[in-house]
Amino acid sequence: MFKLFKHLRINLVSKLILSVGLTLLLSISTWASFSIKYQTEKVMKDIMEGTDRLSNTIILGAHYAMMINSRNDINHIINNISKQEEIDTIRIYNKKGQIKFSNRPLELDLTTNIKAEACDVCHRSDPPLAKLSLIEKTRIFDSPQGHRFLGIINPIHNDTGCSSDFCHVHPEDKKILGALDVVVSLKQTDKEISFLENGIIVFAVFAFLVTSA
């Protein structure tokens, strides 16, 4: 009788541990997955919004220089801002896809494919789109160095008072004069995301083992 009771107790305890353990594992795994996804999306959203604000700041800062066609002032603005560690490239395209300003001198006057990845977001329709959502004008791509880059392209509008484009006169009915492309490195961001993910996973495993024990 005692042996039977002991066997039933062990059997019951085993089933209880198994069921509670599986429930705990599922709960912690779900929490860890949600936390990683939420934190990653939040970090990326902050980077996107910050880069977009930087892009708009450059356009506003260079507005007067563009209006009077002061190429030296535009070059100074772009080169000075691009000295920040995270910034990889700042380009200004004209409406034909030609790079008129860049912190990379070898790129100047190169004409890109207007349907290339950076330009296609606007030129997928004719006439080009004048307004884009943050997601639409953002692209993320890998670099040969092994880390990712984030690029945001913003159209440069033909505001009242403008008299000339970067190298040609434009009529009033032209809504878009060109585009500003800002590319930032995600190397440090990816490190932070990886550290965050590893921390959540380690904490989840630790919580599971301690609670199970």
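Brief remarks on what is shown
- Scanning the stretch 99-154 for residues that are within 30 Å of Glu192 (Cβ to Cβ), open to solvent by 70 Å² or more (accessible area, probe 1.4 Å), of a type outside the set (D, E, K, R) and modelled with pLDDT of 85 or more yields a count of 2.
- Unique match (being open to solvent by 50 Å² or more (accessible area, probe 1.4 Å), more than 30 Å from Pro105 (Cβ to Cβ) and modelled with pLDDT of 85 or more) among Lys15, Lys3, Lys42: Lys42
The values are calculated or read from the model by the stated rules, or taken from the named source; none is laboratory data. If you're wondering where the values come from, they're calculated on a predicted model, not measured in any experiment. Cβ sites come from the backbone with ideal geometry, for glycine too, and all protein chains shown count toward neighbours. Side chains are part of the model used for accessible areas, which takes the heavy atoms of the whole protein and leaves out ligands, DNA and RNA. Shrake-Rupley method; radii C 1.70, N 1.55, O 1.52, S 1.80 Å.
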